[in-house]
Amino acid sequence: MPLFFRKRKPSEEARKRLEYQMCLAKEAGADDILDISKCELSEIPFGAFATCKVLQKKVLIVHSNHLTSLLPKSCSLLSLATIKVLDLHDNQLTALPDDIGQLTALQVLNVERNQLTHLPRSIGNLIQLQTLNVKDNKLKELPDTLGELRSLRTLDISENEIQRLPQMLAHVRTLETLSLDALSMVYPPQQVCGAGTAAILQFLCKESGLEYYPPSQYLLPVLEQDGAENSRDSPDGPTDRFLREEVEWQNRFSDYEKRKEQKMLEKLEFERRLELGQREHAQLLQQCSSQKDEILQTVKEEQSRLEQGLSEHQRYLDAERQRLQEQLKQTEQNISNRIQKLLQENQRQKKSSEILKSLENERIRMEQLMSITQEETENLRRREVACELQNLVQQACSSMAEMDERFQQILSWQQMDQTRAISQILQESAMQKAAFEALQVKRDLMHRQIRNQIKLIETELLQLTQLELKRKSLDTETLQEMISEQRWALSSLLQQLLKEKQQREEELREILTELEAKSETKQENYWLIQYQRLLNQKPLSLKLQEEGLEHQLVALLEELSAEHYLPIFAHHRISLDTLSQMSPGDLAKVGVSEAGLQHEILRRVQELLEAARMQPGTSTSPGPLLVKGAIHMCGPWRGRSRAYISGQAGSSPCESAQMIFLNCGHVCCCPQCCQPLRTCPLCRQAIAQCLRIYHSS
């Protein structure tokens with residue numbers, strides 16, 4: 001429990017209260033009281049000790065906190081030497097400091113409702129202590145030094161575990177009030193403890209061999225004095241000091257009268273202020289009541305308006321609920337109709353699947369019958385051959401010599417025919433395989449896309465070379481760097497596409513090898529059958545055209561290497577007329593994301609439509625796209641290649657630029673002139689690879 005309170009931080013309100021009380025205690029004209037109660041303190045702050053020491057405070061109130069010890073670290077009780085009243089009730093103290101006897105000016109010590117288990121022996125040094133309250137603690141015994149408290153008037157030890165009183169308590173002759181739990185006492189007995197304070201003191205004096213005197217005969221010294229003139233336990237003391245102390249009491253009574261008059265004046269001033277405050281409070285109450293009536297009136301009006309709005313909203317919700325219920329009923333009916341249609345459609349599909357299965361079975365049966373009829377025809381042919389052989393045998397019997405010659409001649413003819421047929425079959429098989437391979441490469445969509453991308457990159461390289469040659473005379477370094485970066489990127493992309501093209505061709509060859517491995521069953525005309533199957537496969541463009549897409553639009557997208565957008569155009573049923581009214585933004589919404597492709601499609605559509613208007617009745621299907629931007633520079637290169645090789649600069653490219661030099665990406669030579677070259681004529685970089693451009697007609 002103490003650890004919990006030690007670690008808990010005070011709240012914001014408690015912290016503000018502590019700061020206010022500390023500031024109030026330091027103000028000029030402040031009284032002798034330092035009140036830091038109810039501040040949720042786990043220990044007394046160092047500033048409080050300093051304040052008490054510097055400002056000579058007389059009263060220190062620290063009740064209703066979470067104190068576990070009176071002294072924090074690096075603090076001394078000598079800082080509280082001037083304290084006369086120390087209030088520590090309602091805390092978590094388990095012990096008082098052993099040197100608490102240093103507080104010689106202390107007159108009131110209140111440690112009620114704590115966790116004290118014992119009192120230090122130095123408490124007997126508090127010679128001016130008049131009130132000691134240790135109620136509601138865990139004390140089991142009292143120290144004998146309590147008998148040295150010669151000024152003690154009130155002692156409260158109730159609600160503890162004390163069963164015996166120290167016999168030395170008989171020496172405290174000034175004790176007027178002693179509070180304890182009489183039922184739990186053993187010494188003095190319960191009867192004596194229940195009789196009151198005087199009976200207890202008489203019992204203790206009798207046990208100690210002392211004569212009992214009532215406390216009224218032992219007057220306390222003045223609180224401001226240091227207690228040097230304390231009374232002694234002699235019977236002659238009171239009679240000798242009566243006159244001197246009477247004067248002191250008269251002075252003190254006159255001071256009391258002055259203070260009483262001052263308190264009366266303060267009371268009158270307080271009553272006057274209280275009356276003014278009551279008047280202001282009455283006015284505020286009247287204003288509050290009027291404002292309250294107005295607020296109640298507005299609340300009533302607002303409530304009536306809200307009730308009216310709620311009723312209207314409720315009627316609207318009821319109507320909306322009815323409408324929604326009707327919609328739900330209609331929707332459920334539509335859903336049930338759709339489910340019924342789906343079930344009917346499912347039954348139709350089942351029937352159609354059954355019909356297809358029956359047709360397939362019929363086809364299989366027909367194939368079996370055809371195979372049976374072929375076997376029967378072969379058997380018939382064998383029978384006919386057997387009959388003919390039998391006739392020949394019969395004829396051979398008549399003319400054996402003639403038949404032998406003819407038979408030899410027939411055998412030689414059969415061998416010749418057999419060798420000729422075998423060579424013809426092998427030649428036809430190789431031709432069929434080559435035709436199938438060519439058709440497969442031609443019909444392969446990925447291979448065709450790679451070829452189209454290669455064409456576009458070649459076109460871009462042509463345009464970049466032309467632009468570089470045109471700008472070379474202007475000597476613009478920034479543009480040259482930008483063109484060289486673009487040419488390098490295009491060259492890298494071209495090399496990558498060439499690798500992909502080679503990989504695709506290798507994949508097609510592997511497929512061809514697998515097909516060739518399947519043809520080892522000696523199936524007749526295997527490659528011819530595969531060629532026919534490949535022809536029967538409908539391409540995506542033909543399927544889309546059959547679905548309604550225009551042939552001209554299909555050809556246009558194929559020429560622009562945009563075949564992958566054919567399903568989008570077919571899904572949205574876009575025609576040439578529709579495209580003529582669309583913008584690049586519309587194409588982007590449809591799904592065509594490339595900006596250059598959007599403008600090129602719209603431009604080509606406009607050209608096709610204008611051509612159709614100029615030549616009505618003629619077909620507007622476009623032919624292959626022409627590669628634009630080919631370079632045709634003046635000055636033939638063919639006659640100057642040797643001059644360049646020998647080191648002459650400034651030579652001009654060929655008129656027909658058809659070769660791409662990698663890795664630089666320049667296009668500036670014809671196939672004949674590039675053969676003796678080892679470096680590029682424009683940038684003088686080493687030539688790693690040469691590619692030829694085939695211009696479409």
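The values are calculated or read from the model by the stated rules, or taken from the named source; none is laboratory data. Just so you know, these numbers come straight off a predicted model, no measurement behind them. Heads up, the Cβs are rebuilt from the backbone with ideal geometry, glycines too, and the neighbour counts pull from every protein chain shown. Quick note on the areas: whole protein, heavy atoms, side chains included, nothing else; ligands and nucleic acids left out. Shrake-Rupley method; radii C 1.70, N 1.55, O 1.52, S 1.80 Å.
Figure legend. Inter-residue proximity from the stretch 245-266: first residues surrounded by 10 or more Cβ atoms within 10 Å (Cβ to Cβ), second residues at pLDDT below 70, beta-carbon distance below 7 Å, spacing 6+ or different chains. Indicated pairs: E245/L219; E248/V222.
Can I372 be described as at pLDDT below 75, open to solvent by less than 90 Å² (accessible area, probe 1.4 Å) and part of a helix (DSSP H, G or I)? Taking the combined requirement at face value, the residue satisfies it. In the stretch 657-668, the residues that are without any contact (Cβ under 8 Å) to a residue 60 or more places away in the chain reach residues that are open to solvent by 10 Å² or more (accessible area, probe 1.4 Å) and charged (D, E, K, R) with C-beta atoms within less than 6 angstrom, at least six apart or across chains, in these pairs: Q658/R692; M659/R692. Of all residues in the stretch 123-138, those being over 60 Å from the mean Cα position of the chain (by Cα) and either of a type in the set (D, E) or under 17 Å from S69 (Cα atoms) (or both) number 2. Among the residues of this structure, C654 counts as one that is touching a Phe, Trp or Tyr at 6+ places or on another chain (Cβ under 6 Å) and modelled with pLDDT under 75. Across the stretch 179-208, the number of residues qualifying as among the β-branched types (V, I, T) and under 14 Å from S158 (Cβ atoms) comes to 2. Mind checking which residues of the stretch 43-57 are surrounded by 18 or more Cβ atoms within 10 Å (Cβ to Cβ), of a type outside the set (V, I, T) and not in a loop (DSSP other than H, G, I, E, B)? Matches in the stretch 43-57: A48, F49, C52. Within the option set L579, L556, being buried (at least 19 other Cβ atoms within 10 Å of the Cβ), aliphatic (A, V, I, L, M) and touching a residue at least 60 places away in the same chain (Cβ under 8 Å) holds for one residue only, L556. When the stretch 565-576 is limited to residues that are in contact with a Leu (Cβ under 9 Å, 6 or more places away or on another chain) and open to solvent by 50 Å² or more (accessible area, probe 1.4 Å), the one that is farthest from R451 (Cα to Cα) turns out to be R573. With respect to the conditions (1) open to solvent by less than 30 Å² (accessible area, probe 1.4 Å); (2) farther than 24 Å from L60 by Cα; (3) modelled with pLDDT of 90 or more, R173 lacks only one, and its number is (3). Is at least one residue of the stretch 399-408 modelled with pLDDT of 75 or more, open to solvent by 70 Å² or more (accessible area, probe 1.4 Å) and in a helix (DSSP H, G or I)? Yes: the stretch 399-408 contains one or more residues that are modelled with pLDDT of 75 or more, open to solvent by 70 Å² or more (accessible area, probe 1.4 Å) and in a helix (DSSP H, G or I). Assuming I450 fulfils every condition listed in (1) at pLDDT below 75; (2) over 16 Å from I693 (Cα atoms) apart from one, which condition is it? I450 satisfies every listed condition except (2). Considering the conditions (1) closer than 28 Å to R153 by Cα; (2) modelled with pLDDT under 85; (3) in contact with a Ser or Thr (Cβ under 6 Å, 6 or more places away or on another chain), S64 is excluded by exactly one of them, (2).
Of the residues making up the stretch 9-42, just one is open to solvent by 90 Å² or more (accessible area, probe 1.4 Å), touching a helix residue (DSSP H, G or I) at 6+ places or on another chain (Cβ under 9 Å) and in a helix (DSSP H, G or I), namely K26.
Based on this model, can you work out whether L60 counts as outside any loop (DSSP other than H, G, I, E, B) and not acidic (D, E)? Here the answer is yes, as L60 does meet what is asked.
Does E345 fit the bill of being under 43 Å from the mean Cα position of the chain (by Cα), at pLDDT below 85 and of a type in the set (D, E)? Criteria not met by E345.
Of the residues screened, L77 is one that is touching a Pro at 6+ places or on another chain (Cβ under 8 Å), open to solvent by less than 30 Å² (accessible area, probe 1.4 Å) and within 16 Å of L109 (Cβ to Cβ).
For the stretch 610-622, the criterion of being modelled with pLDDT under 50, hydroxyl-bearing (S, T, Y) and closer than 30 Å to Q685 by Cα is satisfied by no residue at all.
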